[in-house]
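Written below as structure tokens is the structure these notes are about.
None of the figures in this text is laboratory data; all of them are computed from the coordinates on show. Keep in mind that this is a model prediction, so the values were computed, not measured. Cβ: placed from backbone, ideal geometry, glycine included. Neighbour counts: every protein chain shown.
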Amino acid sequence: MAQDRYYATGKRKTAIARVWLTPGSGKVTVNKKTAEEYFGGTFKTHEIAKPFKITETEEQYDILATLLGGGKSAQLEALTHGISRALLEVDGEHRLPLKKSGLLTRDPRAKERKKYGQKGARAKFQFSKR
């Protein structure tokens with residue numbers, strides 16, 4: 001291999017995951033901790049392995065990720081998105097299976113802003129006729 005480190009960015013809501021893939025044994029390091037430590041036990045850590053299962057590259061790459069913003073769930077989805085995009089850098093052949101499983105699509109949903117004269121984005125203040 002000419003290059004042995006692949007980088008990609010994954011996003012979800014306000015969470016951003018910077019992901020580096022290096023050939024290895026499947027070790028996952030998130031913000032200088034193991035995935036189990038960072039996400040608290042086996043909190044959906046099988047989601048991290050999803051892109052690897054789809055592309056049949058389990059335990060071939062080590063993951064080094066830096067996560068910022070959002071909550072744990074959004075960070076996990078951003079990480080999965082980042083891994084998927086990094087796998088594309090490794091081999092363009094992975095595009096079709098990853099695309100079919102929806103892992104390359106950035107989830108556009110975000111919190112709607114609060115409007116002035118209202119209690120929230122959609123909630124209004126209580127109306128009293130008399």
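Kindly indicate the residue of region 57-102 that is touching a Lys or Arg at 6+ places or on another chain (Cβ under 6 Å) and closer than 12 Å to I16 by Cβ and also surrounded by the fewest Cβ atoms within 10 Å (Cβ to Cβ) among those meeting that condition.
The selected residue is T66.
Could you check region 1-22 and list, in sequence order, the residues that are closer than 19 Å to G69 by Cα and part of a loop (DSSP other than H, G, I, E, B)?
K13, T14
Residues that are in contact (Cβ under 8 Å) with a residue 40 or more places away in the chain, farther than 21 Å from D4 by Cβ and out of contact with any strand residue (DSSP E or B) (no Cβ under 7 Å at 6 or more places or on another chain): does region 44-56 have at least one?
Keep residues of region 44-56 that are in contact (Cβ under 8 Å) with a residue 40 or more places away in the chain, which gives 50-51, 54-55.
The next check asks that each one be farther than 21 Å from D4 by Cβ; those that pass are 50, 54.
Adding the requirement that they be out of contact with any strand residue (DSSP E or B) (no Cβ under 7 Å at 6 or more places or on another chain) leaves 50, 54.
Yes.
Might you check whether a residue that is out of contact with any Phe, Trp or Tyr (no Cβ under 9 Å at 6 or more places or on another chain) and of a type in the set (S, T, N, Q) occurs anywhere in region 58-79?
No, region 58-79 contains no residue that is out of contact with any Phe, Trp or Tyr (no Cβ under 9 Å at 6 or more places or on another chain) and of a type in the set (S, T, N, Q).
Can you tell which of G82, G41, G70 is in a loop (DSSP other than H, G, I, E, B), under 17 Å from R106 (Cβ atoms) and either touching a strand residue (DSSP E or B) at 6+ places or on another chain (Cβ under 8 Å) or free of Cβ contacts under 8 Å to residues at least 40 places away in the same chain (or both)? Full working, then the answer.
Numbers: G82 fails: in a loop (DSSP other than H, G, I, E, B); G41 fails: under 17 Å from R106 (Cβ atoms).
Checking each option against the conditions leaves just G70.
Just to be sure, is Y61 among the aromatic types (F, W, Y) and more than 16 Å from the chain's Cα centre (by Cα)? Show your work before the answer.
Working: among the aromatic types (F, W, Y): yes; more than 16 Å from the chain's Cα centre (by Cα): yes.
In short, yes.
Tell me, which residue of region 103-125 that is under 24 Å from R12 (Cβ atoms) and of a type outside the set (D, E, K, R) is surrounded by the most Cβ atoms within 10 Å (Cβ to Cβ)?
Of all residues in region 103-125, those under 24 Å from R12 (Cβ atoms) come to 103-114, 120-122.
Then keep just the ones that are of a type outside the set (D, E, K, R); that gives 103-105, 108, 110, 120-121.
Numbers: L103: 22, L104: 18, T105: 11, P108: 8, A110: 10, G120: 11, A121: 10.
Residue satisfying both the conditions and the ranking: L103.
Considering only residues that are surrounded by 14 or more Cβ atoms within 10 Å (Cβ to Cβ) and assigned to a strand (DSSP E or B), which ones fall in region 23-38?
Matches in region 23-38: V28, T29, V30.
Which ones in region 85-130 are assigned to a loop (DSSP other than H, G, I, E, B) and within 18 Å of the chain's Cα centre (by Cα)?
Going residue by residue through region 85-130, those that are assigned to a loop (DSSP other than H, G, I, E, B) are 91, 101-130.
S101, G102, L103, L104, T105, R106, D107, P108, R109, A110, K111, listed by residue number.
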